[in-house]
Amino acid sequence: MMGFGSSFLNTADFTTLSMAAAAISVIASSMLIMISRLFALKDLEQVAKTEFVYAASTVFIVVMVLAIVNVGERALAAPDSSLARSLYLISFGCPVNSIAVFDANTLIDWMKLYLETPAKCVQSFMVVLYGLSVPVEAMASVYMEIFMSEHASGFGVKWIAERITNTTQSMSFYMYMFYLLVHVLNFVKGYAGFFFSIGVILRAFPPTRGGGAYLMAISFGLYFVFPLAYILVATMALPPSDIVVPEMTTDMAGSQVCQSRDGNFQYICALPEVTSPQDYGCGASIGKMNDFQAQLEENASILENMFNSKILSFTRHLISAICILPMISMVILLTFVLNATNLFGGNIPEIGRGLVKLI
C-alpha cells in the first residue's frame, strides 16, 4: 500500500469505508429525527439534530482531508518540480535549476531522502575507519617503559585509536536510529489512510467521537504534517558537512549545477582513500610498525583534517538529521494534533469518557 488513499486489503479504499460510516450515521440521525417528531419527543429531536450535524461534518472533513492530501501533496512533493525538491537541493547547496529527478512521490519519501543522504556516507566512513584501525591498533599495542615505571605507547597513536573507537560506536548508534525512523515512516506511509478511516468510523458515533477525532488527527499529522515540518526545519537548520558534497558539473550556460546521472541526484562522500587491510599482512614486527608509522606521517595532513574537522562536521550533520530535527518535527506534530483534535470534533479528555460509555 503506497500513499494515504491507497486500498486496504484490496477490497475498498479508506474513502469508501469513511463515507459508509458517515452515511450510516447520517441515516441513523435522520431516522431518529423522524421518530422524535412522530412521537413529539422534543429532547430526543434536539439530540438527533446535534448528531446529524456531527455526521454531516464527518463527510465534510473526509472530503477536506482528501483535497489537502491529493492537491497539496502533488504541489509539495512532485519528483520533478515541487517545493520539496527545491528545498532539498538548496539544503545541499545545489541550484534549483539542476536537472535531477528524484524517486520521491510523497512528503515521507522526501524526508527519507534527507535521512538517507548522510546515512549512505556512514558506510564509506566505516570502511575508512576499518582500514585505519589495522595499523593504528597494531601500533598502539606496542608499549615502552619510561623511567622503568611508566608505560606509554611507543608510536604515540593512542589518541587516533580512541577516536576511531568512539566514532565507530557513535555512528553505529545513529544508524540504528536511522533504520528505526525509516521503518516507522514506511509503516506510516502504508497504513496512515487505514487508521484515518478507523478514526472516521469511530467519530461517526457518539460514544467514541473523541477517540476517533484524535486518531484522525494523529494519522493525518504523521503522514502530512510531520514530514513537512521536518523538510522545512532541515532546510533552515541542517548544518553543512565537509563529507556529504554534491557532485557538480557545468550546464550549457556555463553555470555550476549539481550532477545528475540517469536523472538521479548525485553526491559524493569526500573521504580519504586508505590501504586495504589485506595489504598489511599478518604479524606486528617492529619493521612493520616502522612502515605503518611512515605511511601515517606521509598522510598526516589528510588524517589530521579528517579527525579534527571532517568527523566533527559530519557528526554534527548526522546528529541533526537523524536525532535533533525529527524531535523538533515531533513537537510540531504534537502541537498540531492537540489543536486538530478539536477541529475534527473531539477533545482529548473525551477519549476516556467515550471508551467508558462504549464499555
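Each value in this text was obtained by applying a stated rule to the coordinates, not by laboratory testing. In this text, all values refer to a predicted model and were calculated from it rather than measured experimentally. Note that each Cβ is placed from the backbone with ideal geometry, even for glycine, and that neighbours are counted across all protein chains shown.
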Quick check on packing: order 322-330, 218-226 by the mean number of other C-beta atoms within 10 Å, highest mean leading.
218-226, 322-330
Scan around residue 267 for amide H atoms under 5 Å from its own, H built in the peptide plane at 1.01 Å from N, and keep only partners 5 or more places away or cross-chain.
247
Any chance you could run the full-extension gain for residue 64 through residue 141? It's 0.36 nm times the residue separation minus the Cα-Cα distance, nm to one decimal.
21.0 nm
Starting with the highest mean, order 113-121, 45-53 by the number of other Cβ atoms within 10 Å, averaged over the residues of each peptide.
113-121, 45-53
